[in-house]
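The values are calculated or read from the model by the stated rules, or taken from the named source; none is laboratory data. Everything quoted here is computed from the prediction, not taken from an experiment. A quick note on method: Cβ atoms are made from the backbone with ideal geometry, for glycine too, and the neighbour counts reach across all protein chains shown.
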Amino acid sequence: MDITIQPSILQGEVTAIPSKSQAHRLLICAAFADRKTELICPQTNRDIEATADCLCALGAKIEHTAAGYTVEPIRSVAETAILNCCESGSTLRFMLPIVGALGVDATFQLAGRLPQRPLSPLWEELERMGCTLTRPTENTIRCCGKLKPGKYSIDGSVSSQFITGLMFAQALIDGETELTITGKVESRPYIEMTRKALALFQAPHFKSPGTVTVEGDWSNGAFFLAAKTLGSDLDVLGLDADSAQGDRLVSEILCILKSGSATISVADIPDLVPILSVAAAANRGAIFTDIRRLRLKESDRVASVIAMINALGGEAFADDDALYVRGISPRGGIVDSCNDHRIAMAAAIAATVCTEPVTILGAEAVNKSYPQFWDEYRRLGGKI
């Protein structure tokens, strides 16, 4: 789906959608709880649904309701299972250690760019501790065997999702385990989110709290917060300033960008780079450092951000570990989303400060995290 947006500011109130990152974690905990859990999550997306479907394949019963999800926990773990991760990196990286802990003979189905996204050193650690992993086809992974108790170790510099997956496995392995994280830990706030979810369910006992509400998502709320700082008359509701989400820093960073050029490390906030790049271009520019992992996202997000900014009439370029965005306000143009939801939404917000139309190729990419985005954009006055 390709769309063209006429330059226009947005106006009104918008409520942040539920946090995708927290929903993944709470669904997993609920699937291993001692009783039913009601998860208040009124809006969902493809990634959350992928995790729910994988948990059902293992034996959980998850019903999608108007309010969110009703989760009946796993009573009898499937001996074999096919787990369709679609394009969700979180789902794959969380569920691989989980099926290893359970001893399930599982085949994972992968789509989009997910087969090319890294699994090392998680792959090697799972094999060292008892699992056998193979790739029967380019788009599938098979995991069999069972993880044993003992001392686990993982390099924290590749993905915090590897650490989260092992934390879930730790809570499910029968016996004493220890997890050591080496190297520089990236996206540390996401590890804290996992710790809080496990604590809420009293892991390893997994006592259901009964009803749990998924908090508002700072990652996706960031797009409308950026639009507000760029001149739209918006109020963004439903975001908790005390959240463990690392992307809550977006408000502070947007203020910094508005006041002048800045150098910002994105080691803990990689998902904010597309929209922060738009904000930087519309203000006085910025240098974003620690960008290596951005090349491993739904798109090569360094390349796709540069292409977006330059296609809109701005100027961006990168070296090995820094992205440079000049303070040259975008004027409009044609942006390829590269099947990346955050590129599509960032380009839409750029349209609010452009002088010419913005055409977005592959605009349906937003379905990965925010299927209602275009409806909300229109409701707020966006001219599509």
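Do you know which of the residues in the stretch 27-43 that are farther than 11 Å from P209 by Cα and in contact (Cβ under 8 Å) with a residue 60 or more places away in the chain is farthest from the chain's Cα centre (by Cα)?
Looking at the filtered set, the residue picked out is F32.
Considering only the stretch 213-297, give the helices (runs of 4 or more DSSP H) lying wholly within it that have at least 3 residues that are buried (at least 24 other Cβ atoms within 10 Å of the Cβ), within 20 Å of the chain's Cα centre (by Cα) and in contact (Cβ under 8 Å) with a residue 24 or more places away in the chain. Full working, then the answer.
On the way: elements: 218-229, 250-259, 273-282.
Here the list reads 218-229, 273-282.
This table checks each residue for (1) buried (at least 24 other Cβ atoms within 10 Å of the Cβ); (2) not assigned by TED's automatic domain parsing to the domain that holds G246.
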{"residue": "Q11", "(1), (2)": "no, no"}
{"residue": "I48", "(1), (2)": "yes, yes"}
{"residue": "T91", "(1), (2)": "yes, yes"}
{"residue": "F94", "(1), (2)": "yes, yes"}
{"residue": "V99", "(1), (2)": "yes, yes"}
{"residue": "G103", "(1), (2)": "no, yes"}
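Criterion first (of a type outside the set (F, W, Y) and under 24 Å from S159 (Cβ atoms)) does L312 satisfy it?
no
Out of all the residues in the stretch 58-81, is one or more closer than 16 Å to K368 by Cβ, touching a residue at least 24 places away in the same chain (Cβ under 8 Å), under 19 Å from the mean Cα position of the chain (by Cα) and surrounded by 24 or more Cβ atoms within 10 Å (Cβ to Cβ)?
No, the stretch 58-81 contains no residue that is closer than 16 Å to K368 by Cβ, touching a residue at least 24 places away in the same chain (Cβ under 8 Å), under 19 Å from the mean Cα position of the chain (by Cα) and surrounded by 24 or more Cβ atoms within 10 Å (Cβ to Cβ).
Sort out which residues of the stretch 342-362 are assigned to a loop (DSSP other than H, G, I, E, B), hydroxyl-bearing (S, T, Y) and surrounded by fewer than 24 Cβ atoms within 10 Å (Cβ to Cβ), and write them in order of number. Show your work before the answer.
Going residue by residue through the stretch 342-362, those that are assigned to a loop (DSSP other than H, G, I, E, B) are 351-357, 362.
From what's left, hydroxyl-bearing (S, T, Y): 352, 355.
The answer is T355, and nothing else.
State whether one or more residues within the stretch 289-304 are at pLDDT 95 or above and not hydroxyl-bearing (S, T, Y).
no
For the stretch 308-315, does any single residue satisfy the condition of being touching a Leu at 6+ places or on another chain (Cβ under 9 Å) and either buried (at least 24 other Cβ atoms within 10 Å of the Cβ) or not in a helix (DSSP H, G or I) (or both)?
no
Just checking, which of N339, N367 is modelled with pLDDT under 95 and either among the β-branched types (V, I, T) or part of a helix (DSSP H, G or I) (or both)? Reasoning before the result, please.
Numbers: N339 fails: either among the β-branched types (V, I, T) or part of a helix (DSSP H, G or I) (or both).
After applying the criteria, what remains is N367.
Go through (1) in a loop (DSSP other than H, G, I, E, B); (2) within 30 Å of D321 (Cα to Cα); (3) not assigned by TED's automatic domain parsing to the domain that holds A347 for P204 and report which single condition fails.
Only one criterion in (1) in a loop (DSSP other than H, G, I, E, B); (2) within 30 Å of D321 (Cα to Cα); (3) not assigned by TED's automatic domain parsing to the domain that holds A347 is unmet by P204, namely (2).
Go through the stretch 114-187 and tell me which strands (runs of 3 or more DSSP E), entirely inside it, have 1 or more residues that are among the acidic types (D, E) and outside the structural domain of A267 (by TED's automatic domain parsing).
Per the criteria, 150-155, 177-182.
What is the one condition in (1) over 21 Å from R93 (Cα atoms); (2) at pLDDT below 95; (3) surrounded by 16 or more Cβ atoms within 10 Å (Cβ to Cβ); (4) of a type outside the set (V, I, T) that G175 does not satisfy?
Against the list (1) over 21 Å from R93 (Cα atoms); (2) at pLDDT below 95; (3) surrounded by 16 or more Cβ atoms within 10 Å (Cβ to Cβ); (4) of a type outside the set (V, I, T), G175 comes up short only on (3).
Condition first: surrounded by 15 or more Cβ atoms within 10 Å (Cβ to Cβ) and over 18 Å from R128 (Cβ atoms). Now tell me which residues in the stretch 178-191 satisfy that. Before the answer, list the steps.
Let us first name the residues in the stretch 178-191 that are surrounded by 15 or more Cβ atoms within 10 Å (Cβ to Cβ), namely 181, 185-191.
Of everything in the stretch 178-191, those that are surrounded by 15 or more Cβ atoms within 10 Å (Cβ to Cβ) and over 18 Å from R128 (Cβ atoms) turn out to be V185, E186, S187, R188, P189, Y190, I191.
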